[in-house]
Amino acid sequence: MPYPVAVADELYRELDLDGTGRLLDVGCGPGALTLLLAPLFESAVGLDVDQDMIAVAAERVERAGITNVAWRVLRAENISAGLGTFRVATFAQSFHRLDRPRVVRLVRRALEPRGWLVLVYASTLPAGFPEDDDAVLAAAGLTGPVRLEVGGGAVWERTEDEIVASVFSLSSATPHLFGERLHQFERELRTLLRLSSPDGRFCEQRRSIALHAWRAGELP
């Protein structure tokens, strides 16, 4: 589902954005957050390890008429100075999948002095928020967090294909984890969905979205 405009509005206000600087969206996936936030910056970079995700993201942004985004197929653990510097770096549902201490160190070096690193929790993880995220970020010299919460309550109608895609987007259910049983799992999932809703229509109530913003100081 798309992120609500309230996410952009809250970050625009809280981070004192003014249309300048660059955005780095780490683990951008199909570009949902990149699409929403890129207009708040002079330029943006969407980064993901999956070539197909980047292709979908680029198509979505082009279709929306947004022209200030560049794309990189790259592991977050391989971020380098060649990407340049950024005013804000975002992690939307991606931080828990990474080598967090390494990635935070690399991203902090890429942030402008007093730049921001923002974690976006768009849905509850199976075990809740990782309890040590704050410790990882504080150990890298960032201060915070500023905690914001937006959205929630809206009801969206979704198709069978969208439900299946959302399941496979979870880190606990990415397609490669199933190996040779991938097609069997998808068949069984679709069977359950059709038993639940023969007309193929589903409703989902959006959860609140948590934004945890951390500020970078001067590098030693």
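The values are calculated or read from the model by the stated rules, or taken from the named source; none is laboratory data. These figures come from a predicted structure and were not determined experimentally. So basically every Cβ, Gly included, is an ideal-geometry build from the backbone, and we count neighbours across all protein chains shown.
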Worksheet item: Of the residues in the stretch 45-70, how many are under 14 Å from the mean Cα position of the chain (by Cα) and either surrounded by fewer than 16 Cβ atoms within 10 Å (Cβ to Cβ) or under 20 Å from LEU117 (Cβ atoms) (or both)?
Response: 6
Worksheet entry | Conditions (1) buried (at least 22 other Cβ atoms within 10 Å of the Cβ); (2) over 18 Å from the mean Cα position of the chain (by Cα): number failed by THR90 | (2)
Worksheet item: Going by the conditions given, is SER43 among the hydroxyl-bearing types (Ser, Thr, Tyr), on the phi < 0 side of the Ramachandran plot, touching a residue at least 12 places away in the same chain (Cβ under 8 Å) and out of contact with any strand residue (DSSP E or B) (no Cβ under 7 Å at 6 or more places or on another chain)?
Response: no
Worksheet item: How many residues are touching a Lys or Arg at 6+ places or on another chain (Cβ under 8 Å) and modelled with pLDDT under 95 when one looks only at the stretch 81-105?
Response: 1
Discussion item. Suppose the filter is outside the structural domain of SER172 (by TED's automatic domain parsing), modelled with pLDDT under 95 and touching a Phe, Trp or Tyr at 6+ places or on another chain (Cβ under 6 Å); does ALA32 pass it?
Written reply: yes
Worksheet entry | Qualifying residue in the stretch 184-194 (condition: among the aliphatic types (A, V, I, L, M) and surrounded by 15 or more Cβ atoms within 10 Å (Cβ to Cβ)) | yes
